[in-house]
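K.L.:
Structure incoming, see below.
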Amino acid sequence: MSGTIISPIHDLLNDLHGRLQEERGGEVATYIPELGKADPEWFGVAVATLDGVLYEAGDTEVPFTIQSVSKPFVYALALQDRGMERVLQQVGVEPTGDAFNAVRLEPETGRPYNPMVNAGAIVTSSLVDGADAEARLDRILAGLSAFAGRPLAVDHKVLVSEAATGDRNRALAYLMHGAGSLRCDVDDSLTVYFAQCSTLVTTRDLAVMTATLAGGGVNPITGQQVVSVEAAAGALTVMATCGTYDYAGEWLMRAGLPAKSGVSGGLIAALPSQLGLGVFSPPLDPRGNSVRGVAACQELSGRFGLHLMRPT
Ligand code: GLN
């Protein structure tokens, strides 16, 4: 059975949503000008369980661009298409403790440190199947859609805005091309990466996509095996160690769940074999994580005893 459920969990989500809606901290990102148009009041929370049940509160159907929350899903696609050893040749899996847009590569190998920061994500999206940029973008859009269980599309205004202000990513791509870790054409790689980040999703989509990772790559609504168990586990692993940038350590201490945040205000967290959480609220803390998103996930983790390192 699938569908949105009204239950005590729903009451709890509504209560949490009502309280956290009053939180006024954080700033909406403006370095991609189009993102600056987001309403700071938007706030959605959704939980998808592996048996296909959705619990939702707030603005769970407002579309927004996925931004960095795309990174673990595209990493799972790259693992699926190339295998772990091949992907590791070009992208590491070490946490940096750096900001999402840090200009830093491993000195010995020239690899980006991990696929959850921009440098690593640019290489990752160049690794999915496809003979050219158009084919790789098709693969990514089809893959993200399969994770969500519905067809997703790119927001062209955000894409143009990203490309116009993406010099830092351009600089990273040139550095990595020079270092040998980015082996595709620089402009092509950035076109694919910017479009990936500009893909429109809802909070509900994020919960279903995350539940798909938590379920070993099987979408709990459609039943489709989107990626292998190994690829899904690889994505969850880097989410646990690197998913919230320079907050990843404290995040894991407090929430105890693999997670990923993005600059448009999306935040996902997964409880393997159980559920996926999706939260959306545009105001960000100084490290680039959604203020209401972090508070909502940490409260839900505590409330339901989801911390992976704590025995139940
Ligand atoms: N598209 C954004 C960028 O590359 C993604 C960053 C993010 O969500 N943290 O700058």
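K.L.:
Quick check on the range 3-18. Is at least one of its residues surrounded by 19 or more Cβ atoms within 10 Å (Cβ to Cβ) and within 16 Å of the ligand (Cβ to nearest atom)?
P.N.:
no
K.L.:
When you check T60 against the structure, is it within 16 Å of the ligand (Cβ to nearest atom), assigned to a loop (DSSP other than H, G, I, E, B) and under 30 Å from N169 (Cβ atoms), yes or no?
P.N.:
Taking the combined requirement at face value, the residue does not satisfy it.
K.L.:
Which of (1) among the polar types (S, T, N, Q); (2) closer than 25 Å to L13 by Cα; (3) in a loop (DSSP other than H, G, I, E, B) does S70 not meet, given it meets every other one?
P.N.:
For S70, the failing item is (3).
K.L.:
Can you name the residue in the range 272-287 that is under 19 Å from G302 (Cβ atoms) and touching a strand residue (DSSP E or B) at 6+ places or on another chain (Cβ under 8 Å) and is also surrounded by the most Cβ atoms within 10 Å (Cβ to Cβ) among such residues?
P.N.:
So, considering only residues that are under 19 Å from G302 (Cβ atoms) and touching a strand residue (DSSP E or B) at 6+ places or on another chain (Cβ under 8 Å), the one surrounded by the most Cβ atoms within 10 Å (Cβ to Cβ) is S281.
K.L.:
I'm trying to understand the selection: among the residues of the range 136-169, which are among the charged types (D, E, K, R), within 16 Å of the ligand (Cβ to nearest atom) and surrounded by 15 or more Cβ atoms within 10 Å (Cβ to Cβ)?
P.N.:
D155, E162
K.L.:
If R104 meets every condition in (1) within 16 Å of the ligand (Cβ to nearest atom); (2) crowded, with 21+ Cβ neighbours inside 10 Å; (3) under 20 Å from A173 (Cα atoms) apart from one, which number is that one?
P.N.:
All conditions pass for R104, except number (2).
K.L.:
Does the range 82-100 contain at least one residue that is outside the structural domain of L159 (by TED's automatic domain parsing) and exposed (fewer than 15 other Cβ atoms within 10 Å of the Cβ)?
P.N.:
no
K.L.:
While we're here: Can you find a residue that is hydrophobic (A, V, I, L, M, F, W, C), over 27 Å from T124 (Cβ atoms) and touching a residue at least 24 places away in the same chain (Cβ under 8 Å) anywhere in the range 23-44?
P.N.:
Yes, the conditions are met somewhere in the range 23-44.
K.L.:
Of the conditions (1) farther than 25 Å from S125 by Cβ; (2) surrounded by fewer than 19 Cβ atoms within 10 Å (Cβ to Cβ), Y55 clears all except one; give me its number.
P.N.:
The single condition Y55 does not satisfy is (2).
K.L.:
Among the residues that make up the range 8-16, is at least one of them in the same structural domain as L271 (by TED's automatic domain parsing), modelled with pLDDT of 95 or more and either within 21 Å of the chain's Cα centre (by Cα) or among the aromatic types (F, W, Y) (or both)?
P.N.:
No, the range 8-16 contains no residue that is in the same structural domain as L271 (by TED's automatic domain parsing), modelled with pLDDT of 95 or more and either within 21 Å of the chain's Cα centre (by Cα) or among the aromatic types (F, W, Y) (or both).
K.L.:
Scanning the range 178-210 for residues that are part of a helix (DSSP H, G or I), within 16 Å of the ligand (Cβ to nearest atom) and small (G, A, S), which turns out nearest to L152 (Cα to Cα)?
P.N.:
Looking at the filtered set, the residue picked out is A195.
K.L.:
Filter the range 21-57 for residues that are of a type in the set (D, E, K, R) and within 29 Å of S7 (Cβ to Cβ); which is nearest to the ligand (Cβ to nearest atom)?
P.N.:
D39
K.L.:
While we're looking at this one, here's another question. Within the range 261-270, is there a residue that is among the hydroxyl-bearing types (S, T, Y), touching a residue at least 40 places away in the same chain (Cβ under 8 Å), surrounded by 24 or more Cβ atoms within 10 Å (Cβ to Cβ) and over 18 Å from A57 (Cβ atoms)?
P.N.:
Yes.
K.L.:
So which residues in the range 170-182 are without any contact (Cβ under 8 Å) to a residue 60 or more places away in the chain and surrounded by 18 or more Cβ atoms within 10 Å (Cβ to Cβ)?
P.N.:
If the condition is that a residue be without any contact (Cβ under 8 Å) to a residue 60 or more places away in the chain and surrounded by 18 or more Cβ atoms within 10 Å (Cβ to Cβ), then A173, H177 are the ones that fit.
K.L.:
When residues of the range 247-280 are filtered for being assigned to a loop (DSSP other than H, G, I, E, B) and within 14 Å of the ligand (Cβ to nearest atom), how many remain?
P.N.:
Of the residues in that region, 4 qualify.
K.L.:
Would you check if there is a residue in the range 235-246 being over 18 Å from A296 (Cα atoms), outside any helix (DSSP H, G or I) and at pLDDT 95 or above?
P.N.:
For the range 235-246, residues over 18 Å from A296 (Cα atoms), outside any helix (DSSP H, G or I) and at pLDDT 95 or above: absent.
K.L.:
Follow-up question, since we're still on this one. Here are some residues: V117, V87. Which one is closer than 27 Å to Y31 by Cα and of a type in the set (V, I, T)?
P.N.:
None of the other options fit; the residue is V117.
The values are calculated or read from the model by the stated rules, or taken from the named source; none is laboratory data. Just so we're clear, the structure is a prediction, and the values are computed from it rather than from any experiment. Cβ atoms come from the backbone with ideal geometry, glycine included; neighbour counts cover every protein chain shown.
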